[in-house]
Structure formats: C-alpha cells, structure tokens
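These notes concern the structure reproduced below.
Only the coordinates and a few stated rules stand behind these numbers; no lab work does. Because the structure is a prediction, the values reported are computed rather than measured. Here the Cβ is made from the backbone with ideal geometry for all residues, glycine too, and neighbour counts use every protein chain on show.
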Amino acid sequence: MLGAFLIAALLAADLRYSGLATFRSVVDTALTPVYWIADIPRSLGAWQDRTIRSRSRLLEDNDRLRRENLILQGRSQQLASLQADNARLRALLNSTALLRDDVLVTEIIGVSPDPVRHQLVLDKGAEAEVYGGQPLIDANGLVGQVIEVSSTTSRVLLITDPTHSVPVQINRNGVRAVAEGVGSLDQLAIHHIAATTDIQPGDLLVTSGLGGRFPIGYPVAVVAAVERNPGEAFARITATPTAALDRIRHVLLVFAEPAGPESVELARE
Amino acid sequence: MSSWCLRSLRGRSPWNWPVSEPTSGYWVIVVSLLGAMILAVLPLDRGLAWWRPEWILLVLVYWTIALPHRVGMFTAMVIGLGVDVLEGAPLGQNMLALTVVVTLARLMYQRLRVFSLGQQATVVFLLAGLHQLITLWLQGLQGIGAAGFSFLLPALTSALLWPLLMPALRGLRRGYHVN
C-alpha cells in the first residue's frame, strides 16, 4: 500500500516537474548495454550489407553517386556569392544573419519499445556535447529534438509523437502555423489555420525559428490534404514529414548558433 | 524436529518456504530478467511492435510463482524503474503496473502452481491485460495511448507464449538449482 503511494508520488513528480532528469539519465547510462545488445542483430545486418556486396551493385552505386555529386556541385557553384548577398541584405535590413550550422553525424541504436511513444536512442551523449532540446535532422528534413541526455546515449522525441509540436511556416508565402504529431509516423496535423488561408496540397512547410528551439529554414513536411468545410472556422490540414522517419539509420545533430547581436556583427565583417 | 516446529509456528508449508536452505543461483534470476529486458527493447517493425509480448512481466511472474521468497514487489519496483527509463515513460508507469501484477501473482501462487499450463496461460492473460490497462490509464495522463482494444494485443501474445516460456524457465531453475 505504502509502495503504491510512493509510486504515485513519483509519477506525479515526474509528470509535473523536471527535477528527476539527472536521476533518469544516471539510470539510462547504467542501462545502455541493454540497448547495445538489442542492437546487435541490426548492426550485424548492416555490417553484412556493407561487406558482402556484388560488384555490379557497387558499380551502379558509384555511378549514381557520381551523377548526384555532379548535380550538387553544379548547384552549389553560386552558393558562396548568394550567401554573401544574403548576409549583406540582411545586415541592411538590420535583421540577424543566417549562419551555417555545425552538425554531428550520429547513429540510431534503439527505438522506444512502446509503440505509442515515438522516441529514438542515439549513440552520442553528453560526452559528445549533445544537449537537451537539440534539433535533429536527416538528409530530407527535421526529425525531432533531444529530450534526455545520458553520458554516451541520448533520447530523441520525433516530430510525429503526439506530445510534440513544431512551429513552421509555408515556404511559398510565409504563413505561420504549428505542426503537431498525431502518433502516426507518416502524418502531421496542422491546426488553427483559417479556412480562407492560402495553403494548398504540395506546399512545403519549413521551420520558422519561432520559439527559439529549431533553427529557421529546415524542411519539416509537405502538405498532403486540405479540407475546407464551410461549417468550421478552421481548415483540416494534414502533412507528410519529409524526413524518412521509419527508415533512417544515420541522422545529424544540429549545433545551432543562437541568433543574437554577435551574429549580426559576424555578418557585417 | 526443531526446524519442523519452527516452520509450523510460522504457518508456512515446508515445501514452499525453505527456512534453512542457503541462496543459490541468484544470478540466473538476474540474467533471465536482463534477457527479458533485451527482448523487450529489441527493435521491431512498427506494426509488429503492437504484438510484442510483455517479456519482463512473464519472467517476473514466473519467478514470483516459483520463488515467492526471492522475487516480489521490491524486484518488480526496481525492474519497473529500469523499464520506465528504457521506454522513456514517466517514472513509475511500469513500476506501478508490474508491482500490481506481481502482488496479485504472489497472492495466488499456491493455486497457480497446481494449475495446468492452459489455466496458467489464462491467468497470465488476465494479469498482462491488467498491466496493459494500467499502462493505458497512465499514458492517458500524458494525453497519449492506443486506440480501441489494440492495447490488449500484448496480453494475448504473452498468454500464448506462456506454455513455451514456463517450461524453459523451469528447466533453468532446476538445472542451476535456483532457490
């Protein structure tokens, strides 16, 4: 009976306050081997995939990567001058500059066993200077944010978790919105957008940088469906995340520079 | 003679409460629980994850029935805390669910021992179902949870797994003389 009260108190404390974070990260560090062992079958599969490959497939991959590289190099030729332009114009407008963010490549070593929780475990932790609230991206878009850091691993909440929301804007016209997870890996919901707002299927939603958690400009989702019902004040909008949330293995942790006075000065130099 | 008197004074039947025997093979319990934890976090496809049996609950319930003087509420609380951290659930969620289940299993371990495997599996279904129900309620506090009756799927797979897991764990217990 006493035990039940103790557990209830612990639950209430953990749901309402964040004081238990250190305790949790200590236990998490102690239990890290469980994730390592559970990840062995998958890493064996990955190792086999890397070492045992047919020659024709390697050649094919090589060709494809060469083509991709050529295209990307072609596209980035003007990037330097465009970036300088952008910084100059932003300085003229007295707004902060967009800095390029540093990234750290990490590997996913586990997923939360509870299917209603969209959480991942990464193989980098406090020792690699990962911090709580740090954004995470893959090659195609925003993945989520770090919610808990232990010494060698960290835990990430995906943007599709029902408890997660991310401030976004429509890339085409800058209309601001909030994209919320609904508990399905291929869907986000966008609430409270007036039925008359200019938004249509195919619009790209990028992070707006509002709220200060996510850096501005990373793609989040593509609008999948817009349903306007004359009886309702808001349109029903669903979007598909651009990141391949169910297939990723390697992800990038973004070390975002806080946008402040220093970044303006950097841009003026 | 004197030890027999002591046993009858305590009101316990001699075959399930060995007073004088020393602890042995405790590590088998620890290893089996760690193995259950690894199976519980093994990455599964999202669709399959809904069917994942409650490995930790099964192993805990087995040891509670087999060795109620070794494994009980305290073990359930410690293991539950570990599962909470592994799952990223609020601390106390699995702790409470596992403690309730283990307490119930402890209350009826004498009856469970003489049940057939099928009857035991039915009880395991009820216990795992209760575990899932408590979990669902506590997830509701956070505004998340499964839709419909899909939260009962792990209880079903756990009950189906019991007739295979129980003899395996019993073999371990007898082979390593765990008591």
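In a GNM of chain A with a 10 Å cut-off on Cα contacts, which of A:Ala244, A:Ala12, A:Ala194 has the highest mean-square fluctuation?
Among A:Ala244, A:Ala12, A:Ala194, the largest GNM mean-square fluctuation belongs to A:Ala12.
Once the convex hull of the C-alpha atoms of chain B is built, how many Å³ does it hold per residue, rounded to a whole number? Let's see the in-between values first.
Values: hull volume 21.4 nm³, N = 179.
Convex hull of Cα atoms, per residue: 120 Å³.
Can you tell me the equivalent ellipsoid semi-axes for the range A:1-114? Use √(5λ) from the Cα gyration tensor, largest first, whole Å. Working shown, then result.
On the way: eigenvalues 399, 214, 17 Å².
So the equivalent ellipsoid measures 45, 33, 9 Å along its semi-axes.
In Å, the Kirkwood hydrodynamic radius of chain A over pairs of distinct alpha carbons?
Working: mean 1/r = 0.0469 Å⁻¹.
This gives a value of 21.3 Å.
Can you put A:Phe255, A:Phe214 in order, fewest other beta carbons within 10 Å first? All intermediate terms of the calculation are to be shown ahead of the outcome.
Details: A:Phe255 15, A:Phe214 27.
Listing A:Phe255, A:Phe214 from fewest to most nearby Cβ atoms yields A:Phe255, A:Phe214.
Using Cα springs under 10 Å in a Gaussian network model of chain A, which residue among A:Ile40, A:Ile193, A:Ile147 shows the largest mean-square fluctuation?
Fluctuation is largest for A:Ile40.
Give me the compactness ratio for the range A:126-269, meaning the Cα radius of gyration over 2.2 N^0.38 Å. Don't jump to the answer; show the numbers that get you there.
Details: Rg = 16.3 Å, N = 144, 2.2 N^0.38 = 14.5 Å.
Cα-based Rg divided by the globular estimate yields 1.12.
For the range A:54-95, just run the numbers: alpha carbon Rg, then divide by 2.2 N^0.38 Å, N being how many residues it has.
Working: Rg = 18.0 Å, N = 42, 2.2 N^0.38 = 9.1 Å.
So the Cα radius of gyration is 1.98 times the expected 2.2 N^0.38 Å.
Have a look at B:Trp55, A:Pro241, B:Leu172 and report the one farthest towards the positive end of the charge dipole of the protein assembly as shown, computed about the Cα centre with Cβ charges (Lys/Arg +1, Asp/Glu -1).
Highest projection toward the positive end goes to B:Leu172.
Which whole number gives the average count of other chain Cβ atoms within 10 Å of the Cβ atoms across peptide A:6-13? Write down the numbers at each step before the final one.
Values: counts 5, 13, 2, 1, 9, 10, 3, 3.
If you average over the peptide's residues, the count of other-chain Cβ atoms is 6.
Could you give the C-alpha radius of gyration of the range B:42-121 expressed as a fraction of 2.2 N^0.38 Å, taking N as the number of residues it contains?
Values: Rg = 13.8 Å, N = 80, 2.2 N^0.38 = 11.6 Å.
That works out to 1.18 for the range B:42-121.
Do the sum for chain A: with -39,500 (n - 2.57) for every DSSP H run of n ≥ 4, divided by all residues, what is the mean residue ellipticity at 222 nm, to the nearest 500 deg cm²/dmol? Walk me through the intermediate numbers first.
Details: 5 runs with 90 residues, N = 269.
Mean residue ellipticity at 222 nm (helix-derived): -11500 deg cm²/dmol.
Would you mind checking which residues have amide H under 5 Å from A:Tyr218's amide H? H placed 1.01 Å from N; only 5 or more apart, or other chain.
Sorted by chain and number, the residues that satisfy this are A:Thr207.
What share of Cα pairs, in percent, lie more than 21 angstrom apart in the range A:81-208? Present the calculation step by step, with values, prior to reporting the outcome.
Numbers: 4260 of 8128 pairs.
Beyond 21 Å sits 52 percent of the P(r) for the range A:81-208.
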